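The values are calculated or read from the model by the stated rules, or taken from the named source; none is laboratory data. In this text, all values refer to a predicted model and were calculated from it rather than measured experimentally. Cβ: placed from backbone, ideal geometry, glycine included. Neighbour counts: every protein chain shown. Accessible surface areas use protein heavy atoms only, side chains included; no ligands, DNA or RNA. Shrake-Rupley method; radii C 1.70, N 1.55, O 1.52, S 1.80 Å.
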Amino acid sequence: GKDVLEKIKGDLAELERQTYDLKRRATEQVIQDMIVEEEAKKQGVTVDKLFAQFDALRDREVTKEDITAFLKSRNIPEKELKKEERARVPDVVRLQRVYEARSKYVTELRQKANVQIKIQRPAEKPVEVAVGSGTLRGGEKAKVTIVEFSDFQCPFCEKGMRRLEEIKAKYGDKVKIYFSSMPRW
């Protein structure tokens with residue numbers, strides 16, 4: 001019993017977080033739907049008709065600047081797009097305009113409604129990690145500890161190491177970083 005629970009306590013905590021996230025998202029969606037339906041009723045129209053006010057955004061011309069801004073906001077190099085992909089970008093920009101306008105409208109309705117959700121987030125329990133003979137960098141008495149398990153042959157670990165260097169440069173002795181080598185098997 002107790003030994004089994006001890007072995008899976010991390011997994012159980014993750015399940016609690018996932019359950020909370022699912023409940024929270026579902027509740028938000030139900031509230032959003034109710035608010036939109038109420039606004040449509042107040043205006044004497046259907047929900048589809050309420051959102052039809054944004055359809056004109058599809059017809060607006062898509063300029064070269066619109067395309068450049070869209071690709072830049074998503075870190076997509078225009079030069080790397082295939083001809084077919086480049087041809088579809090204006091349609092995606094039009095759809096994005098409508099989506100963003102609708103989302104902004106719903107957000108404004110949601111804020112006006114001032115609804116509060118009282119689902120309790122599961123308590124975050126600290127996880128003890130034995131650093132063993134891990135190499136320490138940073139302040140010995142720092143309140144924040146990062147334990148890096150890495151592999152010198154892994155390209156993703158290299159990216160993670162660069163991020164840790166940025167953290168070390170920014171926070172100095174306010175953070176302690178332990179390194180432990182985790183070779184691939």
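Rank I167, F179, V144 by how far each Cα sits towards the positive end of the charge dipole of region 34-185 (+1 on Lys, Arg Cβ; -1 on Asp, Glu Cβ) and give me just the farthest.
V144
Quick one: compute a quarter of the convex hull surface over the Cα atoms of region 79-185 and quote it in nm².
In nm², the orientation-averaged hull projection of region 79-185 is 13.8.
Kindly provide the pair-distance distribution of the chain built from C-alpha pairs, with 5 Å bins from 0 and whole-percent values in order of increasing distance.
1, 6, 9, 9, 9, 9, 12, 13, 12, 10, 7, 4, 1, 0
Evaluated at 4 °C with a viscosity of 1.567 mPa s, what Stokes-Einstein diffusion coefficient in µm²/s does region 135-185 have when Rh comes from the Kirkwood expression over alpha-carbon pairs?
The diffusion coefficient I find is 115 µm²/s.
Multiplying the sequence separation of D3 and V62 by 0.36 nm and subtracting their Cα-Cα distance, what value in nm do you get?
Result for the pair: 15.1 nm of gain on full extension.
Provide the gained length on full extension for the span V106 to D33, in nm with one decimal, where the gain is 0.36 nm per separating residue minus the Cα-Cα distance.
Additional length available on full extension: 25.3 nm.
From the phi angles alone, apply the Karplus equation (6.51, -1.76, 1.60; θ = phi - 60°) to region 70-87 and give each ³J(HN,Hα) in whole Hz, x where the residue is Gly or Pro.
Karplus-based 3J(HN,Hα) across region 70-87 equals 4, 5, 5, 5, 10, 6, 9, x, 4, 5, 8, 6, 6, 4, 5, 5, 4, 5 Hz.
Would you please put 168-180, 113-125 in order of how densely packed they are, using the mean number of other Cβ atoms within 10 angstrom per residue and starting with the highest?
Packing proxy ranking, top to bottom: 168-180, 113-125.
Skip the ligands, DNA and RNA, and give the accessible area per residue of the chain with a 1.4 Å probe, whole Å².
It amounts to 81 Å² per residue over the chain.
Which of the lysines could be linked to K112 by a straight reach, that is with a Cα gap under 23 Å, when you skip same-chain ones fewer than 8 residues away?
The qualifying lysines are K23, K41, K42, K49, K104.
Can you work out the FRET efficiency for the pair E124 and A169, with r the C-beta to C-beta distance and R0 = 25 Å, to the nearest 0.05? Walk me through the intermediate numbers first.
Values: r = 27 Å, r/R0 = 1.09.
FRET efficiency, E124 to A169: 0.35.
With N residues in region 6-81, what two-decimal value do you get for its Cα radius of gyration over 2.2 N^0.38 Å?
1.87
Would you mind telling me the share, in percent, of accessible area of region 74-185 contributed by carbon and sulfur at probe 1.4 angstrom? Don't jump to the answer; show the numbers that get you there.
Numbers: 5030 of 9220 Å².
On region 74-185, the fraction of accessible area on carbon and sulfur atoms equals 55 percent.
Tell me, what is the FRET efficiency for D55 and L15 to the nearest 0.05, using R0 = 35 angstrom and their Cβ-Cβ distance as r?
E between D55 and L15, to the nearest 0.05, is 0.25.
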